[in-house]
Amino acid sequence: MRKALRGFLSLAMLIGTVSATGASAGAATAAEPAALRSAVSDSGTSTDIKDRILAIPGMSLIEEKPYPGYRYFVLNYTQPVDHRHPSKGTFQQRITLLHKDTSRPTVFFTSGYNVSTNPSRSEPTRIVDGNQVSLEYRFFTPSRPSPADWSKLDIWQAASDQHRVFTALKGIYSKNWLTTGGSKGGMTATYYERYYPKDMDGVVAYVAPNDVVDKEDSAYDRFLAGVGTKECRDKLNGVQREALIRREPLEEKYRQYAADNGYTFTTVGTLDKAYEATVMDYVWAFWQYSLPADCASVPADARTATDQAIWDSVDSISGFSAYADQGLERYTPYYYQAGTQLGAPDIKQPWLGKLSRYGYQPPRTFVPRSIPMKAQPSVMRDIDNWVQHHASHMLYVYGQNDPYGAERFRLGAGARDSYVFTVPGGNHGATVAGLDPAENATATAAVLRWAGVAPAAVQADPAKAKPLAKFDAVLDKRDLTTEHRLGTRRP
């Protein structure tokens, strides 16, 4: 699950200092409309929204960044390491808050990884024209307890983090709340709803994998055998085969590449294992983040292609830095969760014959041996059962060509006012906007309805539903080209 994590992790950016941004933030605050500078407290007095937020016990300011029409705060919030035993230590968890108005609904976003410290809007936030709270997932640095007790990294503890943040902010943002996220973030939104079903008024989960039985992954093999055109699959398979056939000369190139960049391979064990892991991701990674038209850039006849052409194709799609220690370190929490609770794909790739030495390597390979791991196979079965029988106000969006959609969430007879839609030709970046017009309108109308802001015209005719906020080229931009270079076998 490496490449998926390239997505949503271009989100981790270095935080600037408060002193460096305080003056500009203050100037921008003075220029903002009064509705952004203040909020009416329970006593009826007008108080600056920042003061109200910082009055929450355990909340502290890292910095405020200016953005037209909003207040944007980067915050720390004190969380228990163990929500079952709050007295046994705390840690600081990063939060960002894109504040529009306390009279608007609020969207709770998590990528399931690091949090971006630059202003941005998830699609549901634009649809409802609301506020957005974004949370960094526990154990992703710097939101990691010290010392790190890895047994406290599980989906219930993470859902409890969200519950405490929601509880803390609900007194200020009293209108409806939605939770959302893409990929691992969509999984996170689902788990939060399962454990705290009374918190949110709706869930919008994008491209969320649902690996119920981790040892049975044939659905992925069937998917890869039929996705796209045979011509494209043959080209991709050919490049992947050649990369393993030419292991010796290409590993020499890899060795030099590692030396030039200071890469080491202690976690996976050897450069050979890291090389093969990258190559084994190639086909999956292409379909996860590329489009059928991108097949034109794949060498047409891999057998006659140069070593450089094979290297460039694999590197551009899988990324040879992904399995170096320096590429893995950031994502240790994900691989730990994949090996303990979430599950991870194990695909066969029969076109490779006996060229593979290690197979599709499991999450344990990518976690330092000093961190103990124990599989908990019942956890995903519980989640799947709950969604099928209790889903209410839940929307799932998948991409037709995304391998992660081969094992997806499905709704059972117990689901109410919930939907699963697929974007035609879509990949791991599928959105509501990419759906067929009728499904787009149905999904948009549902989000507006759950948020309590559906206009009368939409209530009368859902086909008229559209986002309430205009597109913003900065806030609403998502660069998949950058995202997919950050990791490969991650959702």
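The values are calculated or read from the model by the stated rules, or taken from the named source; none is laboratory data. Predicted model, so just to flag it, every value in this text is computed and none were measured. Methodologically, a virtual Cβ is constructed for each residue, glycine included, from the backbone with ideal geometry; neighbour enumeration extends over all protein chains shown. Side chains are part of the model used for accessible areas, which takes the heavy atoms of the whole protein and leaves out ligands, DNA and RNA. Shrake-Rupley method; radii C 1.70, N 1.55, O 1.52, S 1.80 Å.
Entry remark, the range 285-335: residues being of a type in the set (A, V, I, L, M) and more than 20 Å from residue 232 (Cα to Cα) number 3 in total.
Taking the range 447-464 as the range and being under 22 Å from residue 101 (Cα atoms) and buried (at least 17 other Cβ atoms within 10 Å of the Cβ) as the test, the residues that pass are 447, 448, 449, 450, 451, 453, 454.
Quick one: in the range 298-326, of everything that is of a type in the set (Gly, Ala, Ser) and over 27 Å from the mean Cα position of the chain (by Cα), which residue is most open to solvent (accessible area, probe 1.4 Å)? If we take residues in the range 298-326 being of a type in the set (Gly, Ala, Ser) and over 27 Å from the mean Cα position of the chain (by Cα), then 300 is most open to solvent (accessible area, probe 1.4 Å).
Residues that are crowded, with 22+ Cβ neighbours inside 10 Å, touching a strand residue (DSSP E or B) at 6+ places or on another chain (Cβ under 8 Å), outside any strand (DSSP E or B) and in contact (Cβ under 8 Å) with a residue 60 or more places away in the chain are absent from the range 69-78 altogether.
Of all residues in the range 172-195, those satisfying the criterion of being open to solvent by 40 Å² or more (accessible area, probe 1.4 Å) and within 25 Å of residue 126 (Cβ to Cβ) are 174, 175, 176.
Please determine, by comparing only the residues of the range 316-368 that are among the basic types (Lys, Arg) and assigned to a loop (DSSP other than H, G, I, E, B), which one is nearest to residue 224 (Cα to Cα). Walk me through how you get there before you give the answer.
First pass over the range 316-368, keeping only residues among the basic types (Lys, Arg): 330, 348, 354, 357, 364.
From what is left, the residues that are assigned to a loop (DSSP other than H, G, I, E, B) are 348, 354, 357.
On the way: 348: 10, 354: 19, 357: 21 Å.
Per the stated criteria, the residue is 348.
Do we find that residue 441 is among the aliphatic types (A, V, I, L, M) and touching a His at 6+ places or on another chain (Cβ under 8 Å) in this structure? So residue 441 fails the test. Across the range 394-410, not a single residue is classified as in contact (Cβ under 8 Å) with a residue 24 or more places away in the chain, open to solvent by 50 Å² or more (accessible area, probe 1.4 Å) and over 21 Å from the mean Cα position of the chain (by Cα).
Taking the range 89-122 as the range and being open to solvent by 20 Å² or more (accessible area, probe 1.4 Å) and either at pLDDT below 95 or in contact with a helix residue (DSSP H, G or I) (Cβ under 9 Å, 6 or more places away or on another chain) (or both) as the test, the residues that pass are 100, 101, 102, 103, 104, 109. Residue count for the range 258-291 under the criterion of being open to solvent by 10 Å² or more (accessible area, probe 1.4 Å), of a type outside the set (A, V, I, L, M) and in contact with a helix residue (DSSP H, G or I) (Cβ under 9 Å, 6 or more places away or on another chain): the result is 12. Do we have residue 414 as open to solvent by less than 40 Å² (accessible area, probe 1.4 Å), under 30 Å from residue 217 (Cβ atoms), at pLDDT below 95 and not in a helix (DSSP H, G or I) here? Spelling it out, residue 414 is indeed open to solvent by less than 40 Å² (accessible area, probe 1.4 Å), under 30 Å from residue 217 (Cβ atoms), at pLDDT below 95 and not in a helix (DSSP H, G or I). Tallying residues that are open to solvent by less than 30 Å² (accessible area, probe 1.4 Å), in a helix (DSSP H, G or I) and hydrophobic (A, V, I, L, M, F, W, C) within the range 209-240 yields 5.
Quick one: count up the residues across the range 369-396 that are in a loop (DSSP other than H, G, I, E, B) and within 30 Å of residue 414 (Cβ to Cβ).
Step one: list which residues in the range 369-396 are in a loop (DSSP other than H, G, I, E, B), which gives 369-377, 391, 393.
Now drop any that are not within 30 Å of residue 414 (Cβ to Cβ), which leaves 375-377, 391, 393.
Number of matching residues: 5.
Here residue 294 fits the description: open to solvent by 40 Å² or more (accessible area, probe 1.4 Å) and out of contact with any strand residue (DSSP E or B) (no Cβ under 9 Å at 6 or more places or on another chain).
Are any residues in the range 260-293 in a loop (DSSP other than H, G, I, E, B) and charged (D, E, K, R), and if so, which ones?
Going residue by residue through the range 260-293, those that are in a loop (DSSP other than H, G, I, E, B) are 262-270, 281, 290-291.
Within the range 260-293, 281 is the sole residue that qualifies.
Within the set 361, 341, 388, 376, the sole residue that is under 24 Å from residue 154 (Cα atoms), touching a Leu at 6+ places or on another chain (Cβ under 7 Å) and of a type in the set (S, T, N, Q) turns out to be 388. Taken over the range 137-170, residues that are surrounded by fewer than 17 Cβ atoms within 10 Å (Cβ to Cβ), hydroxyl-bearing (Ser, Thr, Tyr) and assigned to a helix (DSSP H, G or I) amount to 2.
State whether the residues of the range 350-369 include one that is in contact (Cβ under 8 Å) with a residue 12 or more places away in the chain, aliphatic (A, V, I, L, M) and closer than 18 Å to residue 195 by Cα. No, that holds for no residue. The listed residues are 196, 254, and the only one of them that is touching a residue at least 24 places away in the same chain (Cβ under 8 Å) and more than 23 Å from the chain's Cα centre (by Cα) turns out to be 254. Has the range 29-37 got any residue that is at pLDDT below 55, β-branched (Val, Ile, Thr) and either more than 30 Å from residue 160 (Cα to Cα) or in contact with a Leu (Cβ under 6 Å, 6 or more places away or on another chain) (or both)? Yes, that holds for at least one residue.
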